[in-house]
Amino acid sequence: MPTKALNRGMRLSLMIVTLFITSVNAIADAQEAPTIFGDVTIGPQFSPDPLTVRGMSGGSVSGNQVGGRSETVTGPCTGFVDETPDHTLVLTSKFNYLKLQVQSPEDTTMIVKGPGGTWCNDDFDGKNAGIVGEWLAGTYQIWVGSYDKGKYLPYTLQITEVK
């Protein structure tokens, strides 16, 4: 009987240690995953590059209502977004080159409002939205939209200085 109790105790201890190690690894993995609806503050030569945040595109407000127009020099203000921005991007200094690009399994749109104006896009690289160029220091609001009202799609938004 004592041997059975000892074996059970060892198995239970092994299971507890295994669960502990698994939960620590899960926490570490969660910390490495991109933030969902994260706000970002960066300056030139930021790291890691690309910087990635995640979100769910879509909403019930038309893109041209949020953008304040139907088209900008970077593309049309289309699709549907939430009332509030998905991300806030704070640039501590001017960037001579910065690229924001959405990656999603379905077609997305983007609206960016910040110093100097509003920019929209729907097809930067294939079906996904993106905006590239020179950026002034300041705070930018970013909306990522879907073409169908109320349709929410997962996406990642990559921010990079790499051309």
Selection count, region 120-163, where residues are at positive phi and either hydroxyl-bearing (Ser, Thr, Tyr) or in contact with a Pro (Cβ under 7 Å, 6 or more places away or on another chain) (or both): 1
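Considering only region 139-153, how many residues are among the small types (Gly, Ala, Ser) and under 16 Å from GLY67 (Cα atoms)? Explain how you work it out, then say what you get.
Step one: of region 139-153, the residues among the small types (Gly, Ala, Ser) are 145-146, 150.
Still in the list and also under 16 Å from GLY67 (Cα atoms): 145-146.
Residues in region 139-153 being among the small types (Gly, Ala, Ser) and under 16 Å from GLY67 (Cα atoms): 2 in total.
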Six or more apart or on different chains, Cβ atoms under 7 Å: show the pairs whose first residue is in region 54-81 and farther than 20 Å from TYR155 by Cα and whose second is surrounded by fewer than 16 Cβ atoms within 10 Å (Cβ to Cβ). ASN64/SER70
Can you tell which of PRO48, PRO44 is at pLDDT 95 or above, touching a Lys or Arg at 6+ places or on another chain (Cβ under 9 Å) and surrounded by fewer than 16 Cβ atoms within 10 Å (Cβ to Cβ)? PRO44
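The values are calculated or read from the model by the stated rules, or taken from the named source; none is laboratory data. Everything numeric in this text was worked out from a predicted model, so none of it was measured. For neighbour counting, all protein chains shown are included, and Cβ atoms are generated from backbone atoms with ideal geometry for every residue, glycine included.
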